[in-house]
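Read the structure below first, then the notes.
The values are calculated or read from the model by the stated rules, or taken from the named source; none is laboratory data. Because the structure is predicted, anything quoted here is derived from the model rather than measured. Please note: Cβ atoms are built from the backbone with ideal geometry, for glycine as well, and neighbour counts cover all protein chains shown. Areas reflect the complete protein model, heavy atoms only, side chains present, ligands, DNA and RNA absent. Shrake-Rupley method; radii C 1.70, N 1.55, O 1.52, S 1.80 Å.
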Amino acid sequence: MLKRRFSSLLSILFILLFSISASAQTSAGDSTNYMTYGIVAIAALLFLAVITFVSDNLLMIQAKRMGVDEDGSNYSIFPKGKDNTEGDFVEDAVTHKDGEMHNLKQGFDIPLQGVAENVIANDIQVNTFAVQPTNFKGISPIPKVVVAVGDEVKAGDHLFFDKKNPDVKYVAPVSGEIIAINRGAKRAITEVVILADKEQSFRSFDVPNYETCSRKELVDFLLDSGAWVHFTQRPFGVTPATTDVPENIFISTFDTAPLAPDLDFIIDGNGEAFQRGLDVLTKLTTGHVHLGMDGRTGPKNPYVSPVYKEAKNVRKHWFNGLHPIGNVGVQIHHVDPIAPSSKVWTLSVQDVLTIGDLFLIGQYNAKRTIALTGAELGKPRYVETYIGAKIEDLLKGQIEGENTRIIAGDVLSGRTKTMDGYLNFNDDQITVMAEGNEVAFLGWLNPFKGKPSVSKTYPSGLFGDMKYRADTNTNGEHRAFVVTGQYEKVLPMDIMPQALMKSILVQDFEKMEGLGIHELLEEDIAICEFVCTSKQPLQKILRQGLDFVQDQG
Amino acid sequence: MALIDFFKKIEPDKKKSPFLHTVYDGFFTIFYTPDEVTADGGVHMRDAMDLKRLMIHVVLALQLAYIFGTINIGHQHFAALGLYPGFLEGLHLKLAYGLIKILPIFIVSNIVGLAIEFWYAAKKGHAIEEGYLVTGALIPLIVPPDIPLWILVMSIFFAVVIGKEAFGGTGMNILNIALLSRVFIFFAYPTTISGDEVWVSGLTAAEAGATPVYNWWHTGFFNTIFGWFNTDAFEPARMVVDGYTGATPLSLAYKGGWEAVTEVYTTQQMWWGGIPGSIGETCKPFIIAGALMLVAMGIGSWRIMLSMLVGAAVTAMAMNAWGASPFMEVPWYYQFYMGSFFFAMAFMATDPVTATSTTTGKLWYGFFIGMVGMIIRVMNPAYPEGWMLAILFMNVFAPLIDHYVLQGNMNRRMARAEKKAALVVATDATEEAVQELNH
C-alpha cells in the first residue's frame, strides 16, 4: 500500500519534471528564474512529503508502543485502503474448468533422454523387499523391532515402532519371511528385509466405517494399519504426531521432475480406490483435500486422467508452468501458504490408493507402479511391485551403459543406491544416469556442450526440442554466491532463496522464518540447486535450516 | 590425450608446495573442466554453466571496447599532432601506438591482481576464484592511457587486498574492485587521472608547441617495421597544433555548457567515441552492443541498466529545469553523449556481487546510481564525472536496499500468517458458540 502511494507520488513528480524541463528548452533564456522556483517548489513538496511520512510512521510506532493499536484501528494519518497482502508476485489466476487456474512463469524443465514408455514390464520379478527406518524423518535410530529373522509376516503386519511414539506402527509391505535385520553405524537399524511369498496374503482388518466413526477411531485404525506413515507433514516434512490435525491435505496429481512417472498412466483403472482414499482423507482435516491438477497447455501434457477430473469431495487447482510446478510445495504456496504455526499434510497419488484399498477391500495394499527411467536403460518403462523393492531385482540386465549411477527418485532430489539397496518408502521412480567423472577439455568455453542449461550463453537453447543424456559431472567447481536472481527465475514462489540460504548459513532464526523456510522442502529448492552457477549445495543447506528451526521451535 | 598426461606429470605436491599446487590447479581447471561429480544428498545433475564461463562472457562483451579503445589512444595522440584526422586514417600507426600503451597496462594489471589472488587462494587452501578475470579486464579500460604503471600496481594492490581479500575473497566484497582501484588513484594521485592534460597520451604537454614522447618501441621497433613496408612512421619532430587543449567534453561543458562542447566536438564524434577519455569509455555503440550481449545472455541485469538510465535521465531533466549553470542547461539527452555513463551502466553497476541481490532492489539501486552520478557530474566542480563515485556510494547502500526489500517480503508473510491465525480463532469461536447452543 505504501508502495502504491509512493509510486503515484513519484510518477506525478516525473511528469512535473518532464514538462518543466521541456518548457525550459523551448522558451527563451529568461525563463531560468521561473524554473528555479519550480524546482524549489518541488524540493519543498518532497521535503514536506518526507516529513509527513516520517511523522506518520512515528505516530504508528508510538501507537504500537502504547499498545493502543491492538484493536486494529488506524493510527496512521492516511486513510486505510484495501490491504493488499498478496504481494507483487507475477501470477494471473483465472477460473478454469472446475477450479482456479494458476499460470506461473518461473521454472525449468530439464530435457532428458530416457522417459519411461507407458507399458508395464512383465518380465521383471522382484522377490526381496525392505522397510528402512531411515526413510522416516524424526524416528529414533534404533526402533523397537517386533519381528525376528525367520518369522512369517503378512502384508500389514507390524514390523517395528519408535519407542518415543509407540502408537505409530510401521508395517510389512508384502507377506513373506523376514530374512534379515540389517544394522548400520552405531547399531542403528537400517533395513528389515522380507523375502516375498509367491502368493501374497494380507492381514485382515476390522475396518471402521469412515463415514460414521469418530475421527479418533479413524486415526487409531490408520495408525494400527500402517497407513499413518504415508502422511508427510509440512513444515519440515515429518510424519505427523498422532494428535496432529491438518489444516488442509494436498495431493499433486502430476509430477514435473525430470523423467518423472506419468501419474495419469499410473492411476488408470484405480478410480474407485482413489475416490475412496479421498473420501477418507476429508474426514481427517478441518479444511479441505486439495488436488493439484495438471493444467499445462500446449504439447506438454494435454491428457489428464478422468480419475482426477471426476474426483469428488475435493477442491481442484489447475497449474500451468514448468518444473517445479508439479511439486506439492509450490502448489500449497499458491493455494493456502504455510505459516509457521500451520500443519499441512501431503501424500502422493499412490499413497491415496493404499489408503483407499484399506477401506475398499480391507487390505494393506502397498503396490507401487515404479518408473524405470534414464538414458542408460535399454527399455525405460514401468514395473508393478511393492514398497521397498530391491534395486538388483528391478534393474538386473536392464542397464546398458557402463559406469552408471543408480538413483532412487529423480535426478534432482533422489538418493544414490547400489545394486543391493532398496527403494525408499516414497519412491515411485528409479533413474539410471552416467557417471560424469571425466575431464572435459576447455569444458567451460565450449559453445556446444551437449548438456542442459538454463543459461543463454549456450546456443543450444535455440534448437527447440533437444534432449540430453544426463551425467553427474558438476560442470565446474564450488564457488561463493556470486550471481543473483537466478534462483528466482526457476522457483515459482514468492520466496527469495538466496537470501534465505544466507540466513541459514548465519543461523538467523527470525530471517529464516520470515523468509518462508516453512514453505519449503528439499525437493522444492532442488531446481535452484541445479541452475546454481556457483554449484552451492542448496538442499543440504535448507535441511540444516529446517533442522535448526525445528529444534528451536 | 597428450595434454592431460603432461598435466598429470607436472602436478606439484599439494602438501610440499601449496602455492605451486594452487597455481597448477588454477591453470589445470582452465584447460580441463575437472572430473568432479555430484555428491549424494543434493542434485545428481548440474547445469552446464559455471563461474568461469560467466566471467569469460563478460570479458568477451568487453572486446569491442578494447579494440576501439586501443585505436582511440593512437587516434587522440595523432589528432593532437594534427595528423590523420579521419579515425581510420593511419590505422597502423594508431594501432601500434595504442598497443604500446595498453599492453603494459593490461599485463601489469593482470599479473599483479592474479598473483595476489593466487597467493591468498594458496594461503586459505581453496581453489582460485574467477572474479579477477573480469576485474583484470575492466581496469585497463577505465584508466587514462598515460597512467604510470607503478601507480597502477599500488592501486590494484590496494583494491584487491583491502577491498576484496580482507572481506573474504570473490563474492564477499562490498565495493566494486575495479572502481576501487580507480578511486584509489583518484584520491592518492589525482593529477594522473583528472584535469585536461591526462587523457591524451604521449605529449610533453597538452598545449600548442609541445612534442610527442616516443621511445625505442616507436622509433626503433615499429618505425623499422613500417620502413620495410615504406609506409608512414612515427615522427618525433611533430608539434602539437595551435588551439589544442586536450579537454574532454565534460570539462568543456562544465565551463561553457553545450555550446562550448560543440565548438570542439561534433555529436557524431562524441557518440562514436573519437574523443579523449579513459581507454574504454568513449565508444557508446560498442559499449551498448556489449551491454545488449550481457542482457541477452542473462548475465547483466537489465533492471539495473534500465533504471540507471531512467535515474540519470530524470535527474538530467531536473537539471534542465533548474538551469542554474551552463552545465545544467545541457539538454538531458546530450548528457549521455559525454563521459562514461554507458560503460558504468553496462559493466560496473551490474557487478552482481556488489549490486543489490533482490529483484526489486535492483531497480532502486540502478535508479539511485543514475541520480547520484548525474548530480556529482553536474554540480561538483572537483569531479567532472560522477559514475565511479556514485556506484561506490550505492555499493555501500546496496545491503540497506536489500534489507528493506527482504523486510517487505517478511512483512507480507507475517501479515498472511496473522490473518490466518485470526481466521482460526474466529472459527474456533463459532464452533464453541455452536456447541453451547447444542447443550
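Across chain A, C-alpha contacts under 8 Å between residues 6 or more apart give a mean separation that, scaled by the residue count, equals a relative contact order of 16 percent.
Can you classify the stretch B:222-347 as rounded, prolate or oblate using the Cα gyration tensor, where a ≥ b ≥ c are the square roots of its eigenvalues, rounded means a/c under 1.5, and otherwise it's prolate if a/b beats b/c and oblate if not?
Details: a/c = 3.84, a/b = 1.37, b/c = 2.81.
Because a/c hits 1.5 or more and a/b fails to exceed b/c, the stretch B:222-347 counts as oblate.
How far apart, in nm, are two points set 7 Å out from the Cα along the Cα-to-Cβ line at A:THR212 and at A:PHE509? It works out to 5.0 nm between the two label points.
How big is the Cα convex hull of the stretch A:474-553 in projection, averaged over all directions, in nm²?
Values: hull surface 19.6 nm².
Its Cα hull, projected and averaged over all orientations, spans 4.9 nm².
For the stretch A:411-553, the relative contact order comes to 24 percent (Cα pairs under 8 Å, sequence separation of at least 6). Rounded if a/c is under 1.5, else prolate if a/b beats b/c, else oblate: with a ≥ b ≥ c from the C-alpha gyration tensor eigenvalues square-rooted, which is the stretch A:243-354? Taking the square roots of the gyration eigenvalues as a ≥ b ≥ c, the stretch A:243-354 is oblate. The residues of chain A expose, per residue, 44 Å² of accessible area to a 1.4 Å probe.
If you count, for each residue, the other Cβ atoms within 10 Å and average over each peptide, how do A:166-177, B:13-24, B:400-411 line up from highest to lowest? Don't jump to the answer; show the numbers that get you there.
On the way: A:166-177: 21.7, B:13-24: 14.2, B:400-411: 17.2.
Top to bottom by mean Cβ count within 10 Å: A:166-177, B:400-411, B:13-24.
For the interface of A with B, what's the total buried accessible surface in square angstrom, probe 1.4 angstrom, rounded to the nearest hundred?
Working: alone 28040 and 22460 Å², together 43150 Å².
That pair of chains buries around 7300 Å² in total.
Residue by residue, the stretch B:140-147 carries 3J(HN,Hα) couplings of x, 7, 10, 10, x, x, 8, 4 Hz when phi is fed to the Karplus relation 6.51 cos²θ - 1.76 cosθ + 1.60 (θ = phi - 60°); x denotes Gly or Pro.
Compactness of chain A is given as radius of gyration and Dmax, 28.0, 105 Å, from Cα positions.
Amide hydrogen proximity for A:TYR386: with H placed 1.01 Å from N in the peptide plane, the residues at 5 or more positions away or on another chain lying under 5 Å are A:ARG368. Summing Cβ point charges (Lys, Arg +1; Asp, Glu -1) relative to the Cα centre of chain A gives a dipole of roughly 1040 debye.
So between B:PHE158 and B:ALA188, what do we pick up on full extension, going 0.36 nm a residue minus the alpha carbon distance? Walk me through the intermediate numbers first.
Working: separation 30, 0.36 × 30 = 10.80 nm, distance 1.12 nm.
Gain in length upon complete extension: 9.7 nm.
Among A:GLN363, B:VAL330, A:TRP444, flag the residue with its Cα farthest along the positive direction of the charge dipole of the protein assembly as shown, charges on Cβ as +1 for Lys/Arg and -1 for Asp/Glu. Highest projection toward the positive end goes to B:VAL330.
Straight-line cross-link partners of B:LYS15 among the lysines, defined as a Cα under 28 Å from its Cα and at least 8 positions apart when in the same chain: A:LYS535, B:LYS52, B:LYS123, B:LYS124, B:LYS164.
Loop only per DSSP, at most 16 neighbouring Cβ atoms within 10 Å: give me the chymotrypsin sites (Phe, Trp or Tyr not before Pro) in the stretch A:377-451, ordered by residue number. Intermediate values should be presented prior to the final figure.
Numbers: sites: A:TYR382, A:TYR386, A:TYR422, A:PHE425, A:PHE441, A:TRP444, A:PHE448; in loops: A:PHE425, A:TRP444, A:PHE448.
Those satisfying the criteria are A:PHE448.
Summing Lys, Arg as +1 and Asp, Glu as -1, what charge do residues with Cβ under 10 Å from the Cβ of B:ARG46 carry, B:ARG46 excluded?
Values: positive: A:LYS451, A:LYS535; negative: A:ASP471, A:GLU529, B:GLU36, B:ASP47, B:ASP50.
In short, -3.
Screening chain B for whole DSSP H helices of 27 Å or more along their axis (Cα) with average Kyte-Doolittle hydropathy at least 0.5 returns B:91-124, B:302-322, B:359-379.
Taking the Cα centre of the protein assembly as shown as reference, the dipole from Cβ charges on Lys and Arg (+1) and Asp and Glu (-1) amounts to some 1440 debye. About its Cα centre, the dipole of chain B is roughly 360 debye, where the only charges are +1 on Lys and Arg Cβ and -1 on Asp and Glu Cβ. Electrostatic bookkeeping for B:MET319 treats Lys and Arg as +1 and Asp and Glu as -1; over the other residues with beta carbon under 14 Å from its beta carbon, the sum is 0. When the stretch A:514-553 is described by a simple charge dipole with +1 on each Lys and Arg Cβ and -1 on each Asp and Glu Cβ, the residue from A:THR533, A:PHE548, A:LEU515 located farthest towards its positive end is A:THR533. For the segment A:331-338, counting C-beta atoms of other chains within 10 Å of every residue's C-beta and taking the mean gives 1. In sequence order, the stretch B:191-197 has phi-based couplings of 5, 8, 9, 9, x, 8, 7 Hz under the Karplus curve 6.51 cos²θ - 1.76 cosθ + 1.60, θ = phi - 60°, and Gly or Pro positions carry x. For A:ALA440, the residues whose amide H sits under 5 Å from its own are B:THR33, ignoring neighbours fewer than 5 places away on the same chain, with H placed 1.01 Å from N.
Decide, for chain B, between rounded, prolate and oblate: order the square roots of the alpha carbon gyration tensor eigenvalues as a ≥ b ≥ c, take rounded if a/c falls under 1.5, and otherwise choose prolate if a/b is larger than b/c, else oblate. Cα axes put chain B in the oblate bin.
Among the listed pairs A:LYS467/A:LYS502; A:LYS396/A:LYS456; A:LYS502/B:LYS284; A:LYS283/A:LYS502; A:LYS186/A:LYS540; A:LYS163/A:LYS316, a Cα-Cα separation exceeding 30 Å is found for A:LYS467/A:LYS502; A:LYS396/A:LYS456; A:LYS502/B:LYS284; A:LYS283/A:LYS502; A:LYS163/A:LYS316. Projecting the Cα positions of A:THR134, A:VAL50, B:GLY82 onto the charge dipole of the protein assembly as shown (unit charges on Cβ atoms of Lys, Arg, Asp and Glu, taken about the Cα centre) puts B:GLY82 furthest along the positive direction.
How much length is gained if the chain between A:ILE399 and A:LEU10 is pulled fully straight, taking 0.36 nm per residue apart and subtracting their Cα-Cα distance, in nm to one decimal?
Values: separation 389, 0.36 × 389 = 140.04 nm, distance 6.33 nm.
Once the chain is fully extended between A:ILE399 and A:LEU10, it gains 133.7 nm.
Per residue of the protein assembly as shown, the DSSP helices (runs of n ≥ 4 H) give a summed -39500 (n - 2.57) that works out to -13500 deg cm²/dmol at 222 nm.
The local environment of B:PRO144, defined by Cβ-Cβ distances under 14 Å, has a net charge of -3 under the rule Lys, Arg +1 and Asp, Glu -1. Over the stretch A:182-334, Cα pairs under 8 Å with separation of 6+ residues give a relative contact order of 21 percent. Mean projection of the Cα convex hull over all viewing directions, computed for the protein assembly as shown: 49.1 nm².
Taking amide H atoms as placed 1.01 Å from N in the peptide plane, the amide H of B:GLY277 has no partner under 5 Å among residues 5 or more positions away or on other chains. Across the stretch B:215-227, coupling constants 3J(HN,Hα) worked out from phi with the 6.51/-1.76/1.60 Karplus curve, θ = phi - 60°, read 10, 4, 4, 6, 7, x, 5, 6, 4, 5, 4, 5, x Hz, and Gly and Pro carry x.
List the residue ranges in chain A for DSSP H helices whose C-alpha atoms run 30 angstrom or more along the long axis and whose Kyte-Doolittle average is -0.5 or above. Don't skip to the answer; put the middle values down first.
On the way: long enough: A:2-26 (36 Å, 1.06); A:32-66 (51 Å, 1.19).
What comes out of the filter, once short or polar helices are dropped, is A:2-26, A:32-66.
Order A:CYS213, A:CYS532, most accessible first, counting only protein heavy atoms with a 1.4 angstrom probe.
Details: A:CYS213 25, A:CYS532 0 Å².
Solvent-accessible surface, decreasing: A:CYS213, A:CYS532.
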